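Please read the structure below before turning to the comments.
The values are calculated or read from the model by the stated rules, or taken from the named source; none is laboratory data. The structure displayed is predicted, hence computed values, not measured ones. Neighbour counts are summed over all protein chains in view; Cβ atoms, including those assigned to glycine, are modelled from backbone coordinates with ideal geometry. Heads up: the accessible areas ignore ligands, DNA and RNA and are worked out on the full protein's heavy atoms, side chains in. Shrake-Rupley method; radii C 1.70, N 1.55, O 1.52, S 1.80 Å.
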Amino acid sequence: MKNLILFLLMFCFVIFSMISCDDDNNDSKSKDSDVSVSDNDQRPDIPDIDEASDEEEIEDADEISDDSEPLDNDISQNECVVIPTANLTMGSYYNNYYDSSISLGGEAADQIDLNFFDYKEDKTKGNSIAGTYDLASDINSNFATCLQCIVIFEDIQDDTGFGKKMYFQKSGTINIAEGVGEEGTSKGTISDVKLIEVELNTATNESLPVENGDCVIIESGSWTSK
């Protein structure tokens with residue numbers, strides 16, 4: 001009887017051992033299967049952080065470039081006073097310029113000056129050279145350097161003889177038909193002349209454009225001197 005019980009116990013132990021081994025094998029296969037799936041898993045490529053940052057900077061630079069506007073170096077002005085025709089009778093030639101009255105529409109007197117500085121070395125008369133000149137050329141673009149110059153003074157003050165505002169040429173053409181002769185006489189024409197409000201540096205004679213200043217346009221004109 002004892003032998004039978006011992007035999008049954010041993011048989012149960014063997015059966016239990018076989019079942020336990022089989023379960024372990026199944027678990028191992030399951031883990032291997034999971035690893036295999038993980039190895040074969042296809043993931044999207046992750047962009048390199050530095051490359052992504054560079055691309056964003058390039059895109060940002062493009063956006064800045066597209067949104068930016070060319071710089072405009074011109075000083076902005078108010079609406080110009082337009083003088084269709086100016087027929088000027090200039091006063092006597094004095095100290096390299098002629099002057100004449102001109103009206104900009106105000107009550108006070110206004111004055112236009114024609115300055116010719118292309119004189120001989122000895123600064124004698126008979127100095128101005130006849131010809132056509134661009135008032136927007138480099139040398140004529142500032143009162144400190146101009147050789148053929150047009151200046152307007154607005155609202156001449158009785159106590160100083162100067163205007164409240166000064167205008168200097170921005171563009172246009174001047175044709176000197178007759179240069180300054182021995183008697184100081186001259187004549188010629190001007191066309192499409194634009195003058196802008198400036199301030200004069202009295203130390204250097206440099207004309208400095210006024211931001212949001214006024215301006216004057218003389219569409220055509222002529223002058224003769226006394």
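Things to note:
- On the stretch given as the stretch 205-226, residues that are of a type in the set (S, T, N, Q), open to solvent by 20 Å² or more (accessible area, probe 1.4 Å), within 29 Å of the chain's Cα centre (by Cα) and closer than 16 Å to ASN115 by Cβ total 1.
Listed here are the residues, each with its yes/no results for (1) assigned to a strand (DSSP E or B); (2) open to solvent by 30 Å² or more (accessible area, probe 1.4 Å); (3) more than 26 Å from GLU107 (Cβ to Cβ); (4) among the aliphatic types (A, V, I, L, M).
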| site | (1), (2), (3), (4) |
| --- | --- |
| ASP138 | no, yes, yes, no |
| THR145 | no, yes, yes, no |
| ILE152 | yes, no, no, yes |
| PHE168 | yes, no, no, no |
| THR173 | yes, yes, yes, no |
| ASP192 | yes, yes, yes, no |
| LEU200 | yes, yes, no, yes |
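- Taken as a whole, the structure leaves SER222 outside the set of residues that are polar (S, T, N, Q) and free of Cβ contacts under 8 Å to residues at least 12 places away in the same chain.
- Scanning the stretch 175-189 for residues that are farther than 9 Å from THR132 by Cα and either more than 35 Å from the chain's Cα centre (by Cα) or open to solvent by less than 10 Å² (accessible area, probe 1.4 Å) (or both) gives GLU178, GLY179, VAL180, GLY181, GLU182, GLU183, GLY184, THR185, SER186, LYS187, GLY188.
- Qualifying position, being among the small types (Gly, Ala, Ser), closer than 22 Å to SER101 by Cα and at pLDDT 95 or above, among GLY184, GLY161, GLY179, GLY221: GLY221
- Condition met for ILE196 (under 16 Å from ALA86 (Cβ atoms), at pLDDT 95 or above and either among the hydrophobic types (A, V, I, L, M, F, W, C) or touching a Leu at 6+ places or on another chain (Cβ under 6 Å) (or both)): no
- The residue pairs whose first member lies in the stretch 96-116 and is touching a residue at least 12 places away in the same chain (Cβ under 8 Å) and of a type in the set (Phe, Trp, Tyr), whose second member is part of a strand (DSSP E or B) and open to solvent by 20 Å² or more (accessible area, probe 1.4 Å), and whose beta carbons are closer than 7 Å, counting only pairs six or more residues apart or on different chains, are TYR98/SER225.
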